[in-house]
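Before I ask anything, let me first share the structure, which is written out below as structure tokens.
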């Protein structure tokens with residue numbers, strides 16, 4: 001085969017796109033887990049591996065963690081694990097549980113959604129479940145005046161066995177385009193449905209873009225009523241075109257920096273002084289954040305390590321900076337080593 005033909009074929013496989021920066025998903029290999037594992041989870045919107053979160057209503061108790069259980073020979077070293085540790089024996093109509101991921105608007109405007117040139121998207125991922133059954137996946141657009149959705153199904157053929165899933169979605173020529181959207185908002189959500197009550201049952205998805213109708217999940221509640229049901233996922237890739245290309249592996253440092261746009265974890269802040277300055281509003285430390293965050297973050301104290309002072313407030317918060325003021329009570333040496341988190345999630 002000629003070199004020209006090889007290059008032409010390569011261009012077709014990769015949809016005439018760049019070989020890097022194909023994957024619209026951050027942390028799809030589940031490498032980064034700044035928050036650590038989460039146990040006893042019942043709260044909607046709980047993040048665990050960075051950028052992925054549990055969404056649910058009144059649906060049992062969950063353990064959400066990073067796992068080393070991965071598909072053999074895949075090149076992955078980590079996966080995300082969801083386990084329902086306390087099942088709900090009676091599923092009410094509005095109950096549901098999902099794994100979700102939100103995409104920042106400016107990272108997906110190039111798919112030209114809501115225009116006649118809307119582009120196809122292909123999703124691929126590895127999945128393993130303790131239950132062999134059909135599951136549903138949805139892409140949802142909350143920006144359009146009428147919420148839009150496209151739902152497709154996939155079947156876990158064998159329990160506790162890794163398998164690769166690939167889905168291609170037509171471009172959405174309906175709804176609104178993103179020309180008037182705020183770049184840093186997140187109006188496209190990816191949803192892996194694990195199960196739901198009757199509010200999520202009874203409809204039939206067309207497999208094409210359509211107006212919002214949650215009954216078209218046609219979900220079952222088996223996963224939610226089975227104690228210790230598990231759902232593992234890794235290798236999540238969303239890309240433009242009709243072809244699932246090989247997974248775009250990124251370095252840990254690259255993925256961490258991308259994740260820190262949305263969440264930053266600082267274990268120890270480390271500020272100290274010696275002298276006569278006492279009283280409120282003494283600056284303990286002033287940090288430049290590792291990357292510019294998506295928005296001005298909401299900050300919380302994570303760990304406490306202090307003497308001769310007490311926390312007063314976060315100050316000078318912006319997308320690139322965090323400062324902390326303390327109330328100093330010591331007339332000699334004091335230190336404030338409290339860690340913190342900075343949250344600018346979608």
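Any residue at all in region 99-115 that is more than 25 Å from residue 187 (Cβ to Cβ) and in a strand (DSSP E or B)?
no
Turning to a different aspect of this structure: Name every residue in region 308-324 that is buried (at least 19 other Cβ atoms within 10 Å of the Cβ) and either in contact (Cβ under 8 Å) with a residue 40 or more places away in the chain or under 27 Å from residue 257 (Cα atoms) (or both), in order of residue number.
Those that are buried (at least 19 other Cβ atoms within 10 Å of the Cβ) and either in contact (Cβ under 8 Å) with a residue 40 or more places away in the chain or under 27 Å from residue 257 (Cα atoms) (or both): 322, 324.
Moving on. I'm trying to understand the selection: among the residues of region 50-86, which are part of a loop (DSSP other than H, G, I, E, B), under 20 Å from residue 130 (Cα atoms) and under 17 Å from the mean Cα position of the chain (by Cα)?
Of everything in region 50-86, just one residue is part of a loop (DSSP other than H, G, I, E, B), under 20 Å from residue 130 (Cα atoms) and under 17 Å from the mean Cα position of the chain (by Cα), namely 78.
Could you run through region 188-210 and say how many residues are crowded, with 22+ Cβ neighbours inside 10 Å and in contact with a helix residue (DSSP H, G or I) (Cβ under 7 Å, 6 or more places away or on another chain)?
So the count comes out to 5.
Only one residue in 322, 296 is out of contact with any helix residue (DSSP H, G or I) (no Cβ under 6 Å at 6 or more places or on another chain), at negative phi and part of a strand (DSSP E or B). Which one?
The match here is 322.
Would you mind telling me which numbered condition in (1) modelled with pLDDT under 95; (2) surrounded by fewer than 17 Cβ atoms within 10 Å (Cβ to Cβ) residue 271 fails?
(2)
Here is a further query. Which ones in region 40-66 are surrounded by 15 or more Cβ atoms within 10 Å (Cβ to Cβ) and without any contact (Cβ under 8 Å) to a residue 24 or more places away in the chain?
41, 44, 46
The values are calculated or read from the model by the stated rules, or taken from the named source; none is laboratory data. Predicted model only: the values in this text are computed from it and were never measured. Using ideal geometry, Cβ is built from the backbone for each residue, glycine included, and neighbour counts are taken over all protein chains shown.
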